[in-house]
1. Please give the length that would be gained between THR19 and THR240 if that part of the chain were fully extended, namely 0.36 nm times their separation in residues minus their C-alpha to C-alpha distance (nm, one decimal).
2. If amide hydrogens are placed 1.01 Å from N in the peptide plane, which non-local residues have theirs closer than 5 Å to the one on VAL254?
3. Using only Cα atoms, tell me the angle between helix 17-34 and the longest principal axis of the chain; keep it within 0 to 90° and round to the nearest 10.
4. How far, in degrees from 0 to 90, does helix 270-282 lean away from the longest principal axis of the Cα atoms of the chain, to the nearest 10?
5. Taking 0.36 nm per residue of sequence separation and subtracting the Cα-Cα distance, how much length would be gained by fully extending the chain between VAL252 and ALA210, in nm to one decimal?
6. For the chain, what does the equivalent ellipsoid look like in terms of its semi-axes, each the square root of 5 times an eigenvalue of the Cα gyration tensor, given largest first in whole Å?
7. Any idea what angle helix 106-117 forms with the longest principal axis of the chain, computed on alpha-carbon atoms, 0 to 90 degrees, nearest 10?
8. Give a quick list of trypsin sites (Lys or Arg not before Pro) in the range 172-252 that DSSP marks as loop, anything other than H, G, I, E or B, with at most 15 other Cβ atoms within 10 Å.
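Only the coordinates and a few stated rules stand behind these numbers; no lab work does. Predicted, not measured: the structure shown is a model, and the values here were computed from it. Note that we place each Cβ from the backbone using ideal geometry, even for glycine, and neighbour counts take in every protein chain shown.
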Amino acid sequence: MGRVVLVHGVAQQTMGPETLAAQWLPALRDGVALAGGTLSSATVTMAFYGDVFRPAGTRSLGEPPLTADDVTDPLDQELLLTWWAEAARIDPGVCGPAATTRLRTPFVIQRALDALSHSRFFSGLADHLLVGALRQVRRYLTDDEIRQRIRQRVLDALTEDTRLLVAHSLGSVVAYEALHAVGAAYPQALVTLGSPLGIRGMIFDRLAPAPRAGAGQWPPQLESWTNIADRGDVVALVKTLAPVFPGALTDVSVHNGTKAHDARPYLTARETGDAVRTALERLP
């Protein structure tokens with residue numbers, strides 16, 4: 001098992017731990033190299049949970065792709081409209097939701113999906129993929145059985161040798177909760193990429209353990225936490241986590257280009273590489 005454990009985000013249900021690691025590892029090693037360090041692939045493990053969201057196969061042709069009509073859960077709707085509003089705020093090419101269209105109707109949901117799919121941050125992403133991503137976030141937060149299965153995948157990947165978790169998107173929520181559940185003195189460092197942890201109501205207030213007095217609880221064994229966000233990342237709606245997670249947390253800004261939320265540009269960033277290199281050099 002590795003000194004570094006990677007935790008992915010949504011929409012990886014057709015991947016596998018080796019397949020996904022083969023994409024992540026070269027990118028992360030590039031980031032570390034740009035920061036003046038080295039990272040051996042033998043020291044890195046992927047905590048994979050994508051298959052938890054993969055439906056069982058059937059003899060039929062399968063269900064039709066998800067559409068706006070399938071966005072019926074209030075949490076899905078709220079998260080979608082929040083992404084839309086943020087995309088419109090930071091992308092001049094996206095028309096935002098007018099005050100008169102904030103009703104929960106299929107028409108408004110379709111407008112939101114259309115706007116996001118044509119934004120420079122979600123360009124080319126089909127509606128059914130966006131809807132599927134919304135569902136995975138909501139299912140993790142509201143289905144206790146799924147939440148436990150996914151969190152256990154991270155716990156199973158941790159050993160007494162593990163010193164650092166690197167987590168992207170929803171994976172940052174999973175990693176944060178796993179750190180509280182592990183009940184041991186490891187790992188001691190966390191790097192979050194494109195994290196939605198600070199979104200109040202939808203994410204922050206649903207964390208386990210729950211926030212206290214408006215502040216997220218600090219994992220007891222954690223010595224350092226670096227949170228990295230592109231200012232154009234609409235998923236990482238709250239870019240700075242230090243104000244809501246009091247502790248040794250450093251917020252760092254990066255520029256990922258048009259694919260602001262993608263894992264690969266986060267991993268290749270010198271800032272990410274520096275956070276990983278520094279954590280591993282400091283820890284025994």
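1. Values: separation 221, 0.36 × 221 = 79.56 nm, distance 3.15 nm.
Result for the pair: 76.4 nm of gain on full extension.
2. Long-range HN contacts for VAL254: ALA229, ASP230, ARG231.
3. Its long axis makes an angle of about 70 degrees.
4. Roughly 30 degrees, rounded to the nearest 10.
5. Details: separation 42, 0.36 × 42 = 15.12 nm, distance 2.49 nm.
Using 0.36 nm per residue and subtracting the Cα-Cα distance, I get 12.6 nm.
6. Equivalent ellipsoid semi-axes, largest first: 30, 21, 19 Å.
7. So the helix axis and the longest Cα principal axis differ by about 50 degrees.
8. Working: sites: ARG200, ARG206, ARG212, ARG231, LYS239; in loops: ARG200, ARG231, LYS239.
Filter output for the range 172-252: ARG200, ARG231.
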